[in-house]
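Report on one structure; see the data block that follows.
The values are calculated or read from the model by the stated rules, or taken from the named source; none is laboratory data. Treat the numbers as computed from the prediction; the structure is a model and nothing was measured. We place every Cβ from the backbone using ideal geometry, glycine too, and count neighbours over all the protein chains shown.
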Amino acid sequence: MKIAIDIDNTICKTTEFYGELAVLYDREILRKNNKIDYTKGIPRSDSWSKEELKYFISNYYNKNLLNIPVIEKAPYYIRMLKKNGAQITFITNRGNKEDDIAGEITPEYLAINNIPYDELITKANEKYKYLEDYDYFIDDSIKECTLAASNTKCRVIMMNTPQNSDFSDNRILKVGSWEEIYIILMGEK
Ligand SMILES: [Mg+2]
């Protein structure tokens, strides 16, 4: 069984974690009250200047990449899948944006959280292009899940987030936890 798994908001709480830091930065450092856009890969305010965003990325985003909390039991169930013979690939578009160093730091993040894997693909947008011989694709992105459902033979599983809560597509299975994912994958084995 070959499984391709996204990282941000699929195995870790990226938007929730950085959203809180973006609010803190906006209120306490910039002394503003801007609206934060949680749909961006790195939560931010559209009202921040280029320099303000740059400051946020180097001093908040890049410095906290190892501190993003994992989603409950994700490491445990990924280890269980591995024990049951699954081949695990992490596939992320980290490293693509602005000055982020997330792609480079991901192996260390996976190691300290005791998450095993066989392969790591970074800077991947349009992930479906990598999924030719995979059985499962797990992601939270509406765009990536829809493209994978249309263009691959993968069973597509979408991790619920506040950003995709209204989305539904009968080709895509929505789940709320890693326990659910584990039960589905083991049941279909
Ligand atoms: Mg994601």
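Points to keep in mind about this one:
- If you go through the range 17-52 and pick out every residue that is without any contact (Cβ under 8 Å) to a residue 40 or more places away in the chain and within 13 Å of the ligand (Cβ to nearest atom), you end up with 2.
- Pick from the range 131-157, criterion among the charged types (D, E, K, R) and assigned to a loop (DSSP other than H, G, I, E, B), ranking: nearest to the ligand (Cβ to nearest atom): D140
- The set of residues in the range 17-49 that are closer than 21 Å to R94 by Cβ and part of a helix (DSSP H, G or I) comprises F17, Y18, G19, E20, L21, A22, Y25.
This table checks each residue for (1) surrounded by 16 or more Cβ atoms within 10 Å (Cβ to Cβ); (2) modelled with pLDDT under 95; (3) of a type in the set (K, R).
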position	(1), (2), (3)
F90	yes, no, no
K97	yes, yes, yes
A111	no, no, no
T122	yes, yes, no
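- Among the residues of the range 160-185, those that are touching a residue at least 60 places away in the same chain (Cβ under 8 Å) and under 13 Å from K73 (Cβ atoms) comprise S177, W178, E179, I181, Y182.
A quick yes/no check of all residues on (1) surrounded by 22 or more Cβ atoms within 10 Å (Cβ to Cβ); (2) of a type in the set (D, E, K, R); (3) in contact with a helix residue (DSSP H, G or I) (Cβ under 6 Å, 6 or more places away or on another chain):
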site: E126; (1), (2), (3): no, yes, no
site: K129; (1), (2), (3): no, yes, no
site: F137; (1), (2), (3): yes, no, yes
site: S141; (1), (2), (3): yes, no, no
site: E144; (1), (2), (3): yes, yes, yes
site: L147; (1), (2), (3): no, no, yes
site: R155; (1), (2), (3): no, yes, no
site: F167; (1), (2), (3): no, no, yes
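- Qualifying residue in the range 98-111 (condition: over 22 Å from K40 (Cα atoms), among the small types (G, A, S), outside any loop (DSSP other than H, G, I, E, B) and more than 16 Å from the ligand (Cβ to nearest atom)): yes
- Of everything listed in (1) buried (at least 17 other Cβ atoms within 10 Å of the Cβ); (2) not assigned by TED's automatic domain parsing to the domain that holds D135, the single unmet condition for Y55 is (1).
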